[in-house]
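Worksheet: one structure, shown below.
The values are calculated or read from the model by the stated rules, or taken from the named source; none is laboratory data. If you're wondering where the values come from, they're calculated on a predicted model, not measured in any experiment. Please note: Cβ atoms are built from the backbone with ideal geometry, for glycine as well, and neighbour counts cover all protein chains shown.
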């Protein structure tokens with residue numbers, strides 16, 4: 001048995017501060033321990049550093065990543081005053097997003113040793129332990145509390161407990177070893193006959209209030225409701241035995257069953273059967289986390305969304321019924337129908353999840369939930385619903401890119417959790433989504449019925465700040481003020497004269513207009529911003545050549561905008577631009593060798609701007625140009641008062657930011673001409689605009705410093 005009853009979502013509304021503190025401390029250590037134990041299944045050093053799949057980092061990254069996440073979020077929440085290991089907190093900060101199936105990442109990193117990362121994790125453990133024990137706590141812990149960062153870190157590690165277990169399952173078999181606390185189910189048998197169960201019409205209400213006592217991710221909050229007609233659902237999850245009929249019928253070779261996306265993936269991947277199935281001369285085997293076994297026909301098949309859709313198309317043709325994947329709403333209707341609505345308040349619900357049984361799937365007829373089986377647990381269940389925001393959706397200020405990058409109609413929701421799903425993952429309200437070609441411990445059940453109304457389209461960017469910046473960078477001119485990013489790029493290029501223009505860095509690139517403008521003149525341009533949300537629009541523009549967003553007019557009235565690189569004369573620049581998420585004060589060492597660095601409206605938003613300025617010359621080639629633009633709007637919420645570069649009295653005299661720039665930069669740079677004011681306008685509504693002057697200074701790195 002692998003029981004882990006401690007890995008469950010806490011009641012964060014407990015009014016006893018010391019009881020809540022003790023529960024949080026136990027929760028933190030239990031999750032940290034279980035995560036480290038997962039990596040005990042790795043059998044050799046190469047298993048840490050060779051990628052299990054091309055679309056992800058090696059496992060050494062994920063070993064360090066969850067610890068770094070704690071540090072970064074605690075810093076943003078104000079519970080931690082300084083970094084523990086800036087180098088590690090740079091290289092372990094951002095993981096590889098689930099990429100397109102043909103987007104192979106060949107980036108090479110100088111990863112540290114396993115013992116170094118283990119020692120770092122111990123430092124983080126001690127730091128978080130001390131914070132939980134010693135920081136004043138006033139219940140409840142909710143969305144607005146700085147303490148929210150602690151359950152956020154715990155739940156984030158639980159997500160990676162699951163996703164890392166999938167990567168281990170995709171690793172070479174000789175790279176892994178059995179472990180007593182990760183032993184699989186041994187019950188094998190014939191597949192049970194599946195059947196359709198009538199689900200009566202009903203209403204569903206989704207979304208939870210901020211007062212909910214359990215931790216939640218941003219996409220769980222808000223409200224959505226729907227009225228559903230009657231439909232039918234398969235009694236069991238689709239088993240390996242049921243899916244085998246599709247494989248033996250030539251389903252992977254028959255293009256009729258695959259939609260365009262599925263067909264492209266199948267042909268690229270050369271898929272002929274589920275990825276965890278292995279064909280031997282003696283028959284089919286199944287790859288588990290650390291071993292192979294004879295294919296258990298009565299276990300759920302584990303496939304990606306594209307394969308599940310193909311099976312449903314085949315089943316529909318075979319049965320002459322409208323077989324398909326369920327929608328998210330329909331899954332919640334199954335929850336209500338089977339009497340599971342109180343599962344969040346009843347953690348002892350019977351099911352293969354939360355690591356309370358074996359560390360694998362199990363027979364699909366083992367855990368009954370009313371007239372159905374495995375409504376929750378065993379494997380995640382694919383839906384046909386692309387993830388979208390509920391009414392009232394808002395991002396959390398210390399994790400603004402948890403969900404928003406997935407509002408692209410390419411990430412479909414999974415429901416119900418798997419055998420390893422713990423904490424928030426085992427809450428009914430959880431809303432996790434992956435690209436349709438990705439693999440998790442995920443299978444599916446099918447439904448029969450009238451296709452539901454599509455989920456709200458989320459491809460128009462509606463976030464107020466993102467839409468403002470999309471318009472600021474790529475939209476109209478207002479009040480006769482020229483486009484600000486384009487103006488800065490032109491000033492920088494003009495200052496360089498005939499100097500080589502090989503590499504440029506657009507630091508604080510936001511949604512990326514200056515990066516594309518610089519790419520008119522440079523061989524390569526790197527755009528870096530702290531916010532993955534902003535970079536996401538730049539990436540979309542680079543990949544698709546267009547972005548869509550809404551602009552507020554007045555009240556609830558909006559207009560819809562579409563902007564393209566082609567209409568801006570920038571269509572041929574996209575291939576020369578790359579976007580990365582990063583902290584200007586703690587950039588990775590490989591971001592160097594630039595002929596130009598453009599830092600637009602950046603320095604007065606950095607937590608330690610002098611730290612950036614002290615080392616920026618190291619990233620420029622001798623003779624390279626640095627452009628700094630800023631309105632010098634120093635605010636304590638972005639930069640502590642003691643870190644301001646100027647805007648205060650010093651020795652009784654006014655000390656400006658320009659004075660501060662000279663004090664830091666003069667050792668390594670010469671200033672090119674006097675500063676100049678460049679205006680910019682940000683549209684808020686049809687009749688409200690921000691008009692600001694940014695002071696622009698240009699600096700050339702001295703040939704020898």
Across segment 517-561, what is the number of residues that are assigned to a helix (DSSP H, G or I) and either under 25 Å from residue 602 (Cα atoms) or in contact (Cβ under 8 Å) with a residue 24 or more places away in the chain (or both)?
-> 14
Which residues, taken from segment 587-600, are buried (at least 19 other Cβ atoms within 10 Å of the Cβ) and at pLDDT 95 or above?
-> 594, 595, 596, 597, 598, 599, 600
With (1) assigned by TED's automatic domain parsing to the domain that holds residue 93; (2) surrounded by 20 or more Cβ atoms within 10 Å (Cβ to Cβ); (3) part of a loop (DSSP other than H, G, I, E, B) as the list, and residue 191 as the residue in question, which single condition is left unmet?
-> (1)
If you go through segment 230-237 one residue at a time, do you hit one that is in contact (Cβ under 8 Å) with a residue 12 or more places away in the chain, over 29 Å from residue 369 (Cα atoms) and either in a helix (DSSP H, G or I) or outside the structural domain of residue 136 (by TED's automatic domain parsing) (or both)?
-> no
Among the residues listed as 268, 246, the single one being at pLDDT below 95, part of a helix (DSSP H, G or I) and farther than 30 Å from residue 158 by Cα | 268
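One line per residue, one yes/no per condition, for (1) surrounded by fewer than 16 Cβ atoms within 10 Å (Cβ to Cβ); (2) in the same structural domain as residue 605 (by TED's automatic domain parsing); (3) in contact with a helix residue (DSSP H, G or I) (Cβ under 9 Å, 6 or more places away or on another chain):
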position: 641; (1), (2), (3): yes, yes, no
position: 650; (1), (2), (3): yes, yes, yes
position: 654; (1), (2), (3): yes, yes, no
position: 661; (1), (2), (3): no, yes, yes
position: 669; (1), (2), (3): no, yes, yes
position: 674; (1), (2), (3): yes, yes, no
position: 677; (1), (2), (3): yes, yes, no
position: 680; (1), (2), (3): no, yes, yes
position: 683; (1), (2), (3): no, yes, yes
Any chance segment 407-425 includes a residue that's surrounded by 24 or more Cβ atoms within 10 Å (Cβ to Cβ), farther than 29 Å from residue 351 by Cα and modelled with pLDDT under 95?
-> yes
Spot the failing condition for residue 368; the list is (1) touching a strand residue (DSSP E or B) at 6+ places or on another chain (Cβ under 9 Å); (2) without any contact (Cβ under 8 Å) to a residue 40 or more places away in the chain, and only one is missed.
-> (1)
The strands (runs of 3 or more DSSP E) lying wholly within segment 613-705 that contain at least 1 residues that are touching a strand residue (DSSP E or B) at 6+ places or on another chain (Cβ under 6 Å) and within 30 Å of residue 462 (Cβ to Cβ) are 620-630, 676-685, 688-701
Within segment 562-609, the residues that are in a strand (DSSP E or B) and closer than 22 Å to residue 507 by Cα are 577, 578, 579, 580, 581, 594, 595, 596, 597, 598, 599, 600
So residue 523, is it in contact with a helix residue (DSSP H, G or I) (Cβ under 7 Å, 6 or more places away or on another chain), over 30 Å from residue 321 (Cα atoms) and surrounded by fewer than 23 Cβ atoms within 10 Å (Cβ to Cβ) = yes
Selected residue (only one of 510, 514 is buried (at least 17 other Cβ atoms within 10 Å of the Cβ), assigned by TED's automatic domain parsing to the domain that holds residue 564 and in a loop (DSSP other than H, G, I, E, B)) = 510
